[in-house]
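Working notes, beginning with the structure itself.
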Amino acid sequence: MNIQTITLIPEDGGKPDIIFMFNPAEIKGIQGNKIQDNTGANNLGSGAPKPSFEKKMSNMYEMKDVIFDTYEEGKNVLSYITPFQEGMKFIDNMKRPPVYRFVCGSVQYMRRCFIQDFSYTLTKFLPDGTPVRAVVNVSLKEAEDEKATNLASAGVQDPTSAQRSGLAGYASLLSGIFTSNF
């Protein structure tokens, strides 16, 4: 059985796939809502301010202590670190870092994300000073879907499933009217 490792597949041309050498021990998913205390209204029982729900926050994933080890090959481990560093750089004319698809085998964790934070620690060296082991920490943040953004800016709204089913029912009704014999 071939073990599948995490891969960040770039959506933007010119960037290489970021392939993890080993999978992390854990992947931490983070979701949240932006909440502000409403100081003008208090809970009746506790007197604490009522929360005001502002918006849903972007989903995130964190992976810590991911090992990259090239000791047996005697190669410089920084060749595995460079794609992460490139993934932090802004793309010319786009004013943003590259967008990736976050997958492991057939499991897709995020369809569009970018590297929000990245750090590494070199932990093993050959006698000549070549780094051969690195421990990586990386945070990925959900990226906005450009297609939906472009449609919204053009004034087109993506219908909800309820609207789609309602439209389908309406189309069926019209079809019945026009195909019936008068």
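Rule-based calculations on the coordinates, nothing more; no lab input. Source: prediction; values computed, not measured. Here the Cβ is made from the backbone with ideal geometry for all residues, glycine too, and neighbour counts use every protein chain on show.
For this structure, a couple of remarks:
- A crude spin-label estimate for the pair A25 and S58, with each label 7 Å from Cα along the Cβ direction, gives 2.9 nm.
- The fewest-to-most ranking of M94, M110 by surrounding Cβ atoms within 10 Å reads M94, M110.
- Within segment 6-144: Cβ-based charge dipole about Cα centre, in debye rounded to nearest 20 (Lys, Arg +1; Asp, Glu -1): 500 debye
- Taking the Cα centre of segment 29-92 as origin and assigning +1 to Lys and Arg Cβ atoms and -1 to Asp and Glu Cβ atoms, the resulting dipole is close to 520 debye.
- 3J(HN,Hα) along segment 130-140, derived from phi through the Karplus expression 6.51 cos²θ - 1.76 cosθ + 1.60 where θ = phi - 60°, amounts to 5, x, 10, 9, 9, 10, 10, 10, 9, 10, 10 Hz, with x in place of Gly and Pro.
- The distance from the alpha carbon centre of segment 62-115 to that of segment 1-27 is 7 Å, rounded to a whole number.
- Cleavage-rule hits (GluC sites (Glu not before Pro)) in segment 1-63: DSSP loop, at most 13 neighbouring Cβ within 10 angstrom: E26
- For segment 67-110, GluC sites (Glu not before Pro) are listed when DSSP marks them as loop and at most 14 other Cβ atoms sit within 10 Å of their Cβ; the list is E72, E73.
- For K124, K28, the sequence from fewest to most other C-beta atoms within 10 Å is K28, K124.
- Greater than 22 Å apart at Cα, pairs in K55/K141; K15/K124; K89/K141: K15/K124
- Residue-by-residue Karplus 3J(HN,Hα) for segment 115-128, coefficients 6.51, -1.76, 1.60, Hz, glycine and proline x: 7, 7, 9, 8, 8, 9, 10, 7, 10, 8, 9, 6, x, 7
- Taking amide hydrogens as placed 1.01 Å from N in the peptide plane, the amide H of N42 sits under 5 Å from those of K50, each at least 5 positions away in sequence or on another chain.
- For F125, the amide hydrogen comes within under 5 Å of the amide hydrogens of V132, counting only partners 5 or more places away or on other chains and with H modelled in the peptide plane.
- Residue-wise HN-Hα coupling along segment 71-80, computed from phi with Karplus coefficients 6.51, -1.76, 1.60 (Hz; x: Gly, Pro): 4, 5, 7, x, 8, 5, 5, 5, 5, 7
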